[in-house]
Amino acid sequence: MRKITMLGTGFISDFYAMSLLGQRSRDTILNVGGHTEAGTQAFAAKWGIPRWSTNLAEAINDPETDTVVIGLPNYLHKEAALWAAQAGKAVLCTKPLAISGAEARAMLEAVEKAGVFHGYLEDLVYTPKTLKAVQAVKNGALGKVLWARSREAHPGPHSDWFWNKELSGGGAIVDMGCHCIEINRNFIGKDIRPVEAMCWAGTQVHPIEAEDSAVGLVRYENGAIGQFEVSWTFRGGMDLRDEVTGTQGTIWLNHWLRTGFEMFTAVGQGGYVAEKAEGETGWLFPVGDEPGSLGYTPMFAEMFDAAERGALPMETFYDGYVVNSIIDACYKSAQSKKWEPVQLDIWRGATGVSASVGQVEYDAQYWLMKSEVMPDGKTKVILKDKQTGQFVQKVNP
């Protein structure tokens, strides 16, 4: 049983509370820290939390709690994590871990020096579909992963601070690119080093200093490419999609625009539909278990199970540090208009990984380029001679 101090009273903290306190959970939130008396008191009353405070350090140091969950604006993550580490509390932090790779590294070093349990709350790698797809990839279903693509797009974030570059650390890349980058890392392999990034970022609609749209490529040491697409300009809800291509197969995932629950109403259903839904009438796509479908429930279950076993969770502050470092390279590339190296002063994965092309051998003489069944039922193969490099095709009965 975890006894929790929750930091933050906004949209993400509501989702966290739904996951932590729903379904007769044995975990409990005993204290909540926020910025305003009215908002913090209201959050405590809503979720039945016995204590609340507008002093974050005081909430963290509550002697009855053993775990701190950070759901604060990005610029406050580092300070809160350092306080939690100093207090000897387990600390879980929402995405992105920090507003830069340097801040993320400081957070990582603080929790490791203090010896406290730490988890990176990257919910979208914990969705049931994603967990099953990642396991299939690990089992070899796709062969060698060559390319992973993740897309998140919606009309924009919920809170005002997101739109302020000084408080958030950026725009759509730091807000949603962090999701996409870590999803791609899970498919490509988190032990494979990200080498360089190329990114376009622009402000297409909103009068803000940060970007509201971006497309990026991350090249990994083994030759795989991770692609992300993020936007605060998409209309029609929230588009969450992932694709993975390997030498032996492909996976497509569509998480949100079509939930499997379709309803038409001319008058509205009487309240909230789903995250980022833009209307209450017409065709709606509600969600039966929103915290579960978005990965929050399995995320906390895995985190706390790991803590009880004395093991590291699937997502740690180290993963958040790697993601922030990739984001740094993306922002540099958006300015320079060229590939920029990913600077990782701490790397704990494989080294010297070969960027092999995953060639498939047909026989002792040829590489197999492609095999296809023709309309007459015969099989045509396109081959490359290993010695001469010439291409030939054969039709087999």
Could you pull out every one of the aspartates and glutamates with an alpha carbon less than 18 Å from that of LYS3, ignoring same-chain neighbours closer than 8 positions?
-> ASP14, ASP27, GLU58, ASP62, GLU64, ASP66, GLU302, ASP305, GLU308
Quickly estimate the mean residue ellipticity at 222 nm for the chain, helices only: each DSSP H run with n ≥ 4 gives -39500 (n - 2.57), and the total goes over all residues, rounded to 500.
-> -8500 deg cm²/dmol
Any lysines with Cα under 22 Å of the LYS337 Cα? List them, leaving off those in the same chain fewer than 8 positions away.
-> LYS165
Linear extension gain, GLN343 paired with GLN269, 0.36 nm per residue minus alpha-carbon span = 21.7 nm
Unmatched cysteines, the chain - criterion: no other Cβ of a Cys under 4.7 angstrom = CYS93, CYS178, CYS180
Return, ordered by residue number, the residues of segment 302-320 whose backbone nitrogen is under 19 Å from a label point located 7 Å along Cα→Cβ of GLU109.
-> 317-320
Which residue, chosen from GLY143, GLY22, GLY115, occupies the Cα position most advanced towards the positive end of the dipole of the chain, where the dipole is computed from +1 (Lys, Arg) and -1 (Asp, Glu) charges on Cβ about the Cα centre?
-> GLY143
Give the calculated FRET efficiency between THR203 and ASN164 to the nearest 0.05, with a Förster radius of 22 Å applied to their Cβ-Cβ distance.
-> 0.95
Can you give the relative contact order of segment 3-124 as a percent, counting alpha carbon pairs under 8 Å and 6+ residues apart?
-> 23
Of VAL91, ALA59, ALA81, which is farthest on the positive side of the dipole of segment 1-101, counting Cα position, with +1 on Lys and Arg Cβ, -1 on Asp and Glu Cβ, and the Cα centre as origin?
-> VAL91
What's the percent breakdown of Cα-Cα distances in segment 3-124 across 10 Å bins, shortest bin first?
-> 14, 50, 31, 5
Rg to Rh for segment 146-218: what is it, with Cα atoms only and Rh by Kirkwood?
-> 1.00
Scoring the chain by relative contact order with C-alpha pairs under 8 Å, at least six apart, yields a percentage of 16
Of [x] 25, 54, 18, 3; [y] 28, 54, 14, 4, 0; [z] 27, 59, 14, 0, which one was derived for P(r) over Cα pairs in 20 Å bins from 0, in percent from the structure shown?
-> [x]
Among THR351, ALA104, ILE183, whose Cα lies farthest out toward the positive end of the dipole of the chain, if unit charges sit on the beta carbon of Lys, Arg (+1) and Asp, Glu (-1)?
-> THR351
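Taken together, the values in this text are just the output of simple stated rules run on the coordinates, not laboratory data. None of the values given here were measured: they were computed from a predicted structure. Here the Cβ is made from the backbone with ideal geometry for all residues, glycine too, and neighbour counts use every protein chain on show.
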